[in-house]
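Heads up: the structure comes next, in structure tokens.
The values are calculated or read from the model by the stated rules, or taken from the named source; none is laboratory data. Predicted model only: the values in this text are computed from it and were never measured. Neighbour counts are summed over all protein chains in view; Cβ atoms, including those assigned to glycine, are modelled from backbone coordinates with ideal geometry. Only protein heavy atoms, including side chains, enter the accessible area calculation; ligands, DNA and RNA are left aside. Shrake-Rupley method; radii C 1.70, N 1.55, O 1.52, S 1.80 Å.
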Amino acid sequence: MPLTARQRSIHNKNGAKRSASFSKGKRTRKSSEGEYLYTNAPSDLRSIAYPGGAVALGLLLVARLASAYWGHIADCDETYNYWEPLHFLVYGNGLQTWEYSPVYAIRSYMPLWLFAVPAKIMSYMMTPVSVFYTLRALLAVLTACAELMFYKAVCHEFGVHVGRVWLCLTLPAAGCFASSAAMLPSAWSSALVSAALACWWRRRYPPAVLFIAATALLSWPFTALLGVPIAIDMLLLKQQYLDFFKWSFVALITLLVPTVLVDSWHYGRLVVAPWNIVAYNIFTEHGPDLYGVEPWTYYFVNGFLNFNIIWVLSLSAPALLLAGAAACRSSRAAFCTPYWLSLAPLALWLAVFLAQPHKEERFLYPVYSMIVLAGAISIDCLQKLTFAVGTEIFRWRKERERRHYLVYTGPLVVMIVLLAGLGNISRITALYNHYQGPMTILRHLPEDNSGQMNVCFGKDWYRSPSSFHLPDSYRIRFIPSEFSGQLPAPFYEGHNATRIIHPYFNDLNRGDNRTYLQPSKCHYLVDSDIGTPTKLQPPYHKNVNTWEIIASVPILDASKSHKIFRAFYVPMLSNKNIVYANLYLLRNKIIKY
């Protein structure tokens, strides 16, 4: 089937010969050798296959909805800074962190209300845990829609081959599996940034500016950095000063003003939360360095875990682009954005966050689509380099007038895509097997309407999946453990609960015993047999006189497991090199129900 006019246009932007060559199959002018290798669209590529919009959306929805259902909460910050205050907005109870104290006010309630409104409606028809998974499904759908925009823009700007490779790589990517349904600003930014870049590459500048403003003002202020290349393109290259400042002002009014009003009402004073979080992280002496300080190698290791060879190819993209330009003597079409500017968001983001002492996996979420794109471009460059070498060594030179580089190098891209896909599926399987237990342990709590019931966490405080997993009459509390840092405390009940200042909240990560319960006041307790027992962390599950085990689930004991096999699942080998412990749900036998 011949290409449509739009497909021919896309082919042309990828370096294909003009549409006249499709119909005639002849060269109308003498071409240089480098141009001849890559700008002719031969007859065997007239029907190049790539998924259309409907097929791509269907595939993305399946992949992202799978992550919403089978993915676990990988970061306790997601539980305590987003799911818990969201639970408070919907049900009137939940846990509050110091970031939501009126003294500091570095978290905004505005994005939470965007989810709280539909969640409140669903709460009249569903159980809290059903609301939880429905919200995750909603996040997954929105992410898939943003990724569809990104995919179509990549096909338009970088060619349908790079687009289809990107799609094949992103569907099973372990990093995308973890981020697509997460209730985290960095995850929301991943979708918003993908949409912004897609609009930029399609020359739709107003929505590109609006999406960047949305990710900076409603999600994560630092993602404004990813809009710098768009600003460079609009202001320096295209000189669209009026559009840039007009739409920036529109975004400021429509997004920042409602955010300030909502947050000021909740905190009881004038609050600009996006500025507060920037000021805390940049202009305070301790800032974020109290948490998660990691060595410079952290993101290199973490990137490989989440994307395996795609990460290596992504980091190699600049070198491969230069090598391809030198060896193949091919150039990017004049109407396309230069590669250095198109890939600048990824380069900027990595440069800034590699230099920061505080490193976390979620900090790279906003550029996950760009990581996969850089990997897809690298694969395309490898194919062109392979073809260029092949024409000098093998008999490809005799047939290059009738053949295209994709015909000869197809097995290479298939091999890379399959290898990356297997590595990602192995990683996803390992994460599910090792850490799914905390997402299911609280399902064994019995329904009880006799009064408030306390479910306590001690040394396993960071494994809580949130109050959404509790029946209505239950509350999450903490008991003393060896952890000396600051833990959340329950929101006060009442219309002014978000305005109350707790004396035990601080921005120095100092714990306070006033927020803890004693184990004797816990109706249920989550405990594990990981680690060595201490006075503050006794093996509660062995005290059969006080505690009764009502459920247990397996969970990885990382200290006793092989590093490689705990990171990736390998049939037959993993089970021999992995040690599982137990996560217990205990019932207090002393308290009368």
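Overview of values
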| read-out | value |
| --- | --- |
| The one condition in (1) open to solvent by 50 Å² or more (accessible area, probe 1.4 Å); (2) of a type in the set (D, E, K, R); (3) closer than 16 Å to Arg587 by Cα that Lys576 fails to fulfil | (3) |
| Filter result for Lys459 (farther than 23 Å from Glu99 by Cα and of a type in the set (Lys, Arg)) | no |
| Complete set of residues in the range 76-114 that are within 18 Å of the chain's Cα centre (by Cα) and either free of Cβ contacts under 8 Å to residues at least 12 places away in the same chain or open to solvent by less than 30 Å² (accessible area, probe 1.4 Å) (or both) | Asp77, Glu78, Thr79, Tyr80, Asn81, Tyr82, Trp83, Pro111, Leu112 |
| Positions within the range 488-545 being open to solvent by less than 80 Å² (accessible area, probe 1.4 Å), under 17 Å from Trp98 (Cα atoms) and aliphatic (A, V, I, L, M), in sequence order | Ala489, Ala497, Ile500, Leu508 |
| Any hit, the range 253-269, residues being farther than 30 Å from Gly375 by Cβ, of a type in the set (Lys, Arg), assigned to a helix (DSSP H, G or I) and open to solvent by 10 Å² or more (accessible area, probe 1.4 Å) | no |
| Residue, modelled with the lowest pLDDT, within the range 46-62, restricted to residues that are open to solvent by 20 Å² or more (accessible area, probe 1.4 Å) and part of a helix (DSSP H, G or I) | Gly53 |
| Output for the range 270-307, where each listed residue is of a type in the set (Val, Ile, Thr) and part of a loop (DSSP other than H, G, I, E, B) | Val271, Val272, Thr284, Thr297 |
| Residue count for the range 286-303, restricted to those that are out of contact with any helix residue (DSSP H, G or I) (no Cβ under 7 Å at 6 or more places or on another chain), farther than 25 Å from Asp507 by Cβ and of a type in the set (Phe, Trp, Tyr) | 1 |
| Phe335 being without any contact (Cβ under 8 Å) to a residue 24 or more places away in the chain, open to solvent by 20 Å² or more (accessible area, probe 1.4 Å) and aromatic (Phe, Trp, Tyr) | no |
| Search result, residues across the range 188-215 that are crowded, with 24+ Cβ neighbours inside 10 Å, among the aliphatic types (A, V, I, L, M) and touching a residue at least 40 places away in the same chain (Cβ under 8 Å) | Ala191, Leu192, Val193, Ala195, Leu197, Ala198, Val209 |
| Any pair with Cβ under 9 angstrom, 6 or more apart, that starts in the range 268-296 at a residue that is without any contact (Cβ under 8 Å) to a residue 40 or more places away in the chain and ends at one that is surrounded by 12 or more Cβ atoms within 10 Å (Cβ to Cβ) and among the basic types (Lys, Arg) | Pro295/Lys359 |
